[in-house]
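Visitor: Dropping a structure here in structure tokens format, bear with me for questions.
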Amino acid sequence: MKKLFMMAVMAAVATTSYAQDDLVKQAEKLSAKGQHAEAIKMITPALTSDQTTDKAKAWNALSKMNYAIYMENQQIMTENQLKKQNNPYDTVGMNRALVASFEAAIKCDEYDQQPNEKGKVKIRFRSENQKTWQMMRPHIINIGLAEYNKKNLAEAVKDWRLYIDGAESTLFTGVDLGPDQYRSEVCYFIGLASYQNKDYKTATKYALMAAEDSTKAKEASEIVIFAAKDGATTKEDSVAYLNILKKFHAEDPQEQRYFNLLMEYYSKAGDQDAMMAWVEDEIKIAPQNKMPWALKGEALMNARKWDEAVVAYQKAAELDPNFVQVIFNAGVCLNSKAIELKDQLADKNTGGLTKANADKVKAVLSEAKVYLEKSKELDPTRSSVNWAYPLYQIYYALGDAAKSSEMEKLLNK
């Protein structure tokens, strides 16, 4: 009885396996009649069923069915162009069919190289599929571009990744695909579309691949940077972003964007010590760059180290005599220094100043006036810096009634 039961089970398994393999044959017959959509629907269960004994054949059949859809629509399109006809065809359908055909050919090769029931490997479909896809693979690029132009970012990325990653498939074993003139451009657009779709991991991976080509390195590096920046959610992510910025800045110190992004990072972090350490490094690397000197002045100004800040601002102004912001800030520092000096020298009881001490304060104010008047000269409309109020303070403190009145009128406008 037990033996009979086991035979029944084996028979059931054999029948099921036959049924799945028969689906493949029946689907192929439908496709041969031009009923490709019905054939694909019929063969689909056999692709993943454990009862299908020849999955390589099933996937190869699926690849051919989809390829037939592509070719039939392609033929209509070509005839329309040559004969000036307007016969309908399915552009989207043909594009998706070509993608599906390539995917199935890759899957076919995965199964085709697996040992058979006798433990032997006999690859049957690779040679023919190689010939097809060496020729047809570049068409996947335009299919991805069509999806990208329709704002279908995820679909575009999927297609372009198939083009790039498909080249690494075992399908092309033994084939010299040669230098790929499209690789860096496609990788760049995968990175760009992935970034736009907020898939920062994929964006970074493919942008780095694009950056291997020196002609795309600058564009691709921006994707890497902004993917790291926008994708940062933890402290570790922020540090990783900083390290990426530093790397690119070190490789191309003349690129102002990297410097600006580093400046933004340290400013937002609010760590004055870290900011100052970075600024000092920048000054050592590029002492003729005005911006590190300006940032050093700002950090020292925030620390109320007026004299040191003025020295840094003076250096920036030497490098760029029209750098109105640092000239203005130097004047503000000296004005603030004068206010502090007045408080320090004032009599503790009366609050007044001796003539000698008043002269000391006026000397600092007079120095501040020079910088602020220079700011006024460089920026008369106050579009960059508002010099009116500190100049009013200084003129008033120095007893220049006419000029203080002039500034007061500007303040009331």
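Visitor: Name the residues in the range 109-150 that are assigned to a helix (DSSP H, G or I), among the charged types (D, E, K, R) and open to solvent by 30 Å² or more (accessible area, probe 1.4 Å), would you?
Guide: Matches in the range 109-150: 110, 126, 128, 131.
Visitor: Kindly indicate whether any position in the range 145-166 is in contact with a Gly (Cβ under 6 Å, 6 or more places away or on another chain), among the aliphatic types (A, V, I, L, M) and at pLDDT 95 or above.
Guide: yes
Visitor: Shifting gears a bit: Would you check which residues across the range 241-251 are of a type outside the set (Phe, Trp, Tyr) and either surrounded by 15 or more Cβ atoms within 10 Å (Cβ to Cβ) or under 14 Å from the mean Cα position of the chain (by Cα) (or both) and list them?
Guide: Within the range 241-251, 242, 244, 245, 246, 249 meet the criteria.
Okay, residues lined up against (1) surrounded by fewer than 15 Cβ atoms within 10 Å (Cβ to Cβ); (2) among the aliphatic types (A, V, I, L, M):
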| residue | (1), (2) |
| --- | --- |
| 152 | no, no |
| 167 | no, yes |
| 175 | yes, yes |
| 178 | yes, no |
| 192 | no, yes |
| 196 | no, no |
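Visitor: Additional query: If the requirement is being at positive phi and under 17 Å from the mean Cα position of the chain (by Cα), which of these qualifies: 205, 198, 151?
Guide: 198
Visitor: Any residue in the range 317-334 that is surrounded by 16 or more Cβ atoms within 10 Å (Cβ to Cβ) and polar (S, T, N, Q)?
Guide: Within the range 317-334, one or more residues are surrounded by 16 or more Cβ atoms within 10 Å (Cβ to Cβ) and polar (S, T, N, Q).
Visitor: Report the residue count in the range 203-223 for those that are in contact (Cβ under 8 Å) with a residue 24 or more places away in the chain, open to solvent by less than 20 Å² (accessible area, probe 1.4 Å) and either in a helix (DSSP H, G or I) or touching a Leu at 6+ places or on another chain (Cβ under 8 Å) (or both).
Guide: Of the residues in the range 203-223, 6 are in contact (Cβ under 8 Å) with a residue 24 or more places away in the chain, open to solvent by less than 20 Å² (accessible area, probe 1.4 Å) and either in a helix (DSSP H, G or I) or touching a Leu at 6+ places or on another chain (Cβ under 8 Å) (or both).
Visitor: At least 3 residues that are of a type in the set (Ser, Thr, Tyr) in each: list the helices (runs of 4 or more DSSP H) lying fully within the range 333-413 that qualify. Reasoning before the result, please.
Guide: On the way: elements: 355-378, 388-397, 401-411.
Hits in the range 333-413: 355-378, 388-397.
Visitor: Continuing with the same structure: Of everything in the range 287-310, what is surrounded by fewer than 16 Cβ atoms within 10 Å (Cβ to Cβ) and touching a residue at least 12 places away in the same chain (Cβ under 8 Å)? Give them in sequence order.
Guide: Hits for the range 287-310 are 288, 302, 303, 304, 307.
Visitor: Could we say that residue 341 is under 21 Å from residue 302 (Cα atoms), open to solvent by less than 60 Å² (accessible area, probe 1.4 Å) and touching a Gly at 6+ places or on another chain (Cβ under 8 Å) here?
Guide: no
Visitor: At least 3 residues that are at pLDDT below 95 and under 24 Å from residue 139 (Cβ atoms) in each: list the helices (runs of 4 or more DSSP H) lying fully within the range 1-100 that qualify.
Guide: Those helices (runs of 4 or more DSSP H) span 55-83.
Visitor: Is one or more of the residues making up the range 168-177 out of contact with any Ser or Thr (no Cβ under 9 Å at 6 or more places or on another chain), farther than 25 Å from residue 91 by Cβ, polar (S, T, N, Q) and part of a helix (DSSP H, G or I)?
Guide: yes
Visitor: Would you pick out the residues in the range 311-342 that are under 21 Å from residue 397 (Cα atoms) and of a type in the set (A, V, I, L, M)?
Guide: 327, 330, 332, 334, 338, 339, 341
The values are calculated or read from the model by the stated rules, or taken from the named source; none is laboratory data. It should be emphasised that the depicted structure is a prediction, and the values quoted were computed from it without experimental measurement. Please note: Cβ atoms are built from the backbone with ideal geometry, for glycine as well, and neighbour counts cover all protein chains shown. With ligands, DNA and RNA removed, areas are computed over all heavy atoms of the protein, side chains included. Shrake-Rupley method; radii C 1.70, N 1.55, O 1.52, S 1.80 Å.
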